1. For the stretch A:714-731, what are the residues that are part of a loop (DSSP other than H, G, I, E, B) and in contact with a helix residue (DSSP H, G or I) (Cβ under 6 Å, 6 or more places away or on another chain)?
2. Is it fair to say A:ASP861 is touching a residue at least 40 places away in the same chain (Cβ under 8 Å), within 30 Å of A:VAL668 (Cβ to Cβ) and away from RNA strand B (no atom under 16 Å from the Cβ)?
3. Between A:LEU624, A:LEU674, A:LEU638, A:LEU650, which is within 19 Å of A:GLU716 (Cα to Cα), within 31 Å of the chain's Cα centre (by Cα) and more than 12 Å from RNA strand B (Cβ to nearest atom)?
4. I need the strands (runs of 3 or more DSSP E) fully contained in the stretch A:434-478, keeping only those with at least 3 residues that are under 21 Å from A:TRP416 (Cα atoms).
5. Do we have any residue at all in the stretch A:791-803 that's buried (at least 16 other Cβ atoms within 10 Å of the Cβ), within 16 Å of RNA strand B (Cβ to nearest atom) and under 27 Å from A:LYS667 (Cβ atoms)?
6. Answer yes or no: is there a residue in the stretch A:654-661 that is in contact (Cβ under 8 Å) with a residue 40 or more places away in the chain and surrounded by fewer than 17 Cβ atoms within 10 Å (Cβ to Cβ).
7. Mind listing whichever residues of the stretch A:840-854 are within 21 Å of A:THR788 (Cβ to Cβ) and either within 7 Å of RNA strand B (Cβ to nearest atom) or not in a helix (DSSP H, G or I) (or both)?
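The values are calculated or read from the model by the stated rules, or taken from the named source; none is laboratory data. For clarity, every value in this text was computed on a predicted model and none was experimentally measured. We place every Cβ from the backbone using ideal geometry, glycine too, and count neighbours over all the protein chains shown.
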Amino acid sequence: MLNNYAIFNRGGIIKYIMELPKTYLPSKHEATIYNLWEQNNVFAPSGQGEPYAIVMPPPNANAHLHIGYALTAALEDISVRYHRMKGRNTLLLPGADHAGFETQSVYEKHLAKEGKSRFDFSREDLYRQMYDFVALNRQNFEKQFRQLGISCDWSRFTFTLDDKIVKQAYATFKKMWDDGLIYRGERLVNYCTQHRTGFADIEVEFREAETNLWYIRYPLVDGSGEVVVATTRPETMLGDTGVAVHPDDERYTHYVGKTARVPLTDREVPILADSFVELGFGTGAVKLTPAHDQNDFDAAERHDLPKMTVVGHDGKMTSEVPEKYRGLTVAEARATVVADLEAGQWLVKTEQLTHNVGHCYKCGTVIEPLLMEQWFVNMQPLAKPAIEALKANQIVFYPETKQAQLVNYLENLRDWNISRQIAWGIPIPAFRSVDDAQDWLYDERVDQETIEVNGKTYSRDPDVFDTWFSSSSWPYATLGLGSQDFDAFYPLSLMETGGEILYPWVSRMLMLGLYNTGQVPFKAVYIHGYVMAEDGSKMSKSIGNVIDPSEVIDEFGSDALRMGIISGRAPAVNRGYDRRRVEEARNFCNKLWNMARFMQHQGEGKAVRTQSPVAQTSVDHWALGQLNHAVADIGKALDEYRFAEAYDTLYHFVWDDIAAWYVEASKVEGQGTLLSYLLERILIVAHPFAPFVTEAIWQTLGWGNDGFLAAQRWPETIEYNARKADEFVAAQTIITEVRAILKAMGTAANRLYHRDDALLNSQGDIIKKLAGLNDVKSVESGQGIYLTTTAHVCWLDIDRQAADSYLSKLEAEKQQTEKRVANYTARLNNDSYVKSAPEHIVAQTRQALADTQADLQRITDEQKRFSQL
RNA sequence: GGGUGAUUAGCUCAGUUGGCUAGAGCAUCUCGUUUACACCGAGAGGGUCGGGGGUUCGAGUCCCUCAUCACCCACCA
């Protein structure tokens with residue numbers, strides 16, 4: 001099979017030549033086109049104009065892109081291409097995420113297949129292995145991004161473990177350290193005993209679980225009675241260090257201050273009053289296990305209770321508990337404790353209870369709140385300025401509601417645990433004295449296990465940062481704080497991302513951005529919704545309903561996927577993937593392609609690019625007017641990130657106005673002389689949405705000599721004659737009515753008569769061709785039926801039989817028109833309407849009434865005329 | 001428990017600050033192969049905008065309420 005296109009380089013100008021087959025075949029062009037762009041550095045910032053910058057939220061370098069990324073990519077790329085064409089200094093900076101724990105989990109599965117575990121390796125070894133593992137997989141997603149046509153500057157590609165990111169993380173940590181925002185604390189940490197690491201609150205997944213509520217007697221030491229507590233975790237009673245009741249709970253007032261004995265142990269614990277206890281729940285008395293429950297921990301802090309760790313990092317009971325329970329798993333311990341309670345008559349009763357239990361979002365293991373020493377960030381001083389910036393509207397949110405949600409989140413923020421006990425991440429640059437557990441140093445020599453400072457030995461903290469800690473500086477760390485890029489592009493124009501990371505990421509970028517740069521990191525935030533499966537359910541690998549963007553691209557093309565996926569989609573609304581919209585968009589690409597074919601055909605194979613049109617005919621002026629409107633509407637919609645609306649406007653402008661009306665009109669001799677100009681403008685305006693097909697056309701027509709389409713300027717408003725444009729609108733009205741009548745009556749070839757009407761004289765040829773008439777001519781007196789939707793007197797010569805059936809149709813039309821007349825009349829008779837409504841609205845109504853009355857008049861005249869025949 | 005969003009044509013969904021007869025694509029029905037395109041063209045049918053109440057000259061749009069669905073946050077010893 002012969003190649004039907006060739007690329008060659010002649011005199012430094014790249015030409016792209018091929019035939020124009022009937023249908024556009026994306027697969028034949030997309031890769032070639034993207035290579036041309038990339039090799040010619042089309043996506044680098046121009047250095048001219050007002051800056052416009054987006055830094056991509058880095059996708060997981062290890063992942064195969066799912067179809068949601070097609071949406072992200074389309075939204076970002078449309079914005080960027082549009083602003084580039086507007087002449088702005090535009091940057092789209094790509095990146096990839098090492099995705100700490102996520103990737104380590106994947107790698108662990110990989111290891112498991114080889115019968116190994118991460119605990120078989122040192123952290124350094126593991127890190128190196130994973131770095132290579134990710135480097136291999138990374139090419140995959142970079143390839144997919146290119147498939148999607150993303151116009152990013154690959155030379156600025158940033159990986160979240162790159163030096164500049166690590167350095168920024170260290171600088172941030174150091175600054176916080178110096179400012180006293182970082183503290184080492186023994187706190188309850190959400191701990192997965194399977195993965196052996198702690199998590200941030202936000203990473204814990206709560207699921208409903210059926211469990212029991214056990215009611216247990218705690219006898220008073222003075223023998224004066226007992227307190228019954230209710231618990232879902234009887235095994236943790238082995239670590240109880242108190243019992244709490246509500247201060248207002250009269251049932252227990254006289255117990256407060258007394259001492260109870262914890263069954264199955266010899267421990268005596270105080271009964272105290274604390275308002276965190278809920279009066280209505282259980283018995284109103286609660287056991288306190290400070291080392292394994294957040295509320296209990298907080299209460300213990302307030303009342304200075306000791307904290308006993310009874311569940312260890314391995315998920316087994318520790319040596320703190322009586323010997324018979326030691327080494328049991330939590331589940332085993334629970335069963336044993338319950339049995340022993342029963343045997344000892346300590347158990348009052350058991351109730352069923354449904355409640356939420358935290359699980360590891362990766363492996364599903366129940367999260368144990370465990371007491372651990374970790375690095376924490378004091379969030380209040382960071383959250384406060386962020387809240388102020390939000391309330392001062394320094395960032396525009398799409399949709400708006402996300403702003404208030406973020407404020408609400410920030411106002412209730414707890415301190416942030418940034419330590420993770422995994423290998424795949426940025427080592428925490430802190431060292432602890434081997435002699436003094438309280439003596440910590442900040443030091444960046446993390447490649448060393450131990451360091452000597454002032455004659456003392458310090459050993460490295462084995463933990464790494466939470467991924468979100470380093471990625472919170474993403475907007476300026478990628479640019480390089482204080483660099484030229486930073487000066488040019490910070491704050492970013494837009495942060496485009498999904499709703500699931502509004503809290504963990506957007507909020508932290510905002511806080512740390514303000515902290516490190518004194519400015520908000522971005523001027524706008526666009527939150528996209530999720531792409532669900534076609535039936536509206538969540539896509540997941542386990543269900544097997546994941547849609548691969550590459551497969552869609554293979555079938556329909558990248559442009560079709562981009563447009564199909566943004567079509568009709570509002571921000572932050574989850575919606576299923578809709579294959580029909582992609583098909584629709586594919587058809588649209590083909591429409592563009594065939595308009596180009598038609599134009600080339602008209603120009604006898606030589607399509608000349610025109611930039612300064614001379615409008616001659618009415619339809620020319622009309623087309624320019626429509627172009628102006630479309631360009632303005634699309635631009636305005638894109639300025640406000642209303643992508644679906646912008647695409648809709650483009651679609652209907654191209655298809656309805658130009659393809660259906662203008663191109664058809666241009667087939668009439670002497671009409672439609674601006675085809676190449678309009679096509680040129682359309683390619684530019686459509687380019688942000690459908691970059692491949694538009695560039696393919698551009699290059700194929702030989703316009704590449706003037707530079708890439710991707711580098712063209714967005715159209716300016718063009719002058720046109722509105723009165724002449726209106727002539728074509730009038731012609732359209734006549735054409736539409738004639739078509740409708742002929743269709744409804746089932747008659748074909750006919751003539752349209754008029755009495756030397758100026759419009760009919762000048763637009764006769766177009767009307768004849770587009771309405772499918774035999775003739776349009778001026779006569780002394782005509783015959784047939786009058787048109788009723790136009791003020792231009794003309795009548796359609798159809799046979800008597802068809803005319804009779806037309807009458808009944810006319811009656812239905814009359815009734816509708818009468819209704820409208822009544823409607824407008826009533827409105828205008830309403831004094832308060834005329835007084836309160838804006839003048840132009842009232843004027844519109846008056847005009848509408850006049851027009852409708854005229855229509856009604858023509859209809860009744862026509863009926864009368866018929867009845868006299 | 002708190003919060004957010006959704007409910008518009010058979011289906012999937014648009015509808016910017018309230019203002020012409022509420023739109024699109026797909027699907028359905030008629031007709032059509034006029035040399036850009038059947039991934040096409042022309043025409044048609046189809047909605048009391050979830051229920052109820054309110055504000056207003058005017059409500060799909062704003063407010064209240066109810067119902068159903070989805071999601072987020074918090075948390076239940």
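1. Of everything in the stretch A:714-731, those that are part of a loop (DSSP other than H, G, I, E, B) and in contact with a helix residue (DSSP H, G or I) (Cβ under 6 Å, 6 or more places away or on another chain) turn out to be A:TRP714, A:PRO715, A:THR717, A:ILE718, A:TYR720, A:ASN721.
2. No.
3. Criteria check complete, one pass: A:LEU638.
4. Of the strands (runs of 3 or more DSSP E) lying wholly inside the stretch A:434-478, those with at least 3 residues that are under 21 Å from A:TRP416 (Cα atoms) span A:440-442.
5. yes
6. yes
7. A:ALA848, A:THR852, listed by residue number.
Condition check ((1) of a type in the set (Phe, Trp, Tyr); (2) under 18 Å from A:THR789 (Cα atoms); (3) out of contact with any helix residue (DSSP H, G or I) (no Cβ under 8 Å at 6 or more places or on another chain)) across all residues:
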site: A:GLU813; (1), (2), (3): no, yes, no
site: A:GLU818; (1), (2), (3): no, yes, no
site: A:THR825; (1), (2), (3): no, no, no
site: A:ASN829; (1), (2), (3): no, no, yes
site: A:LEU856; (1), (2), (3): no, yes, no
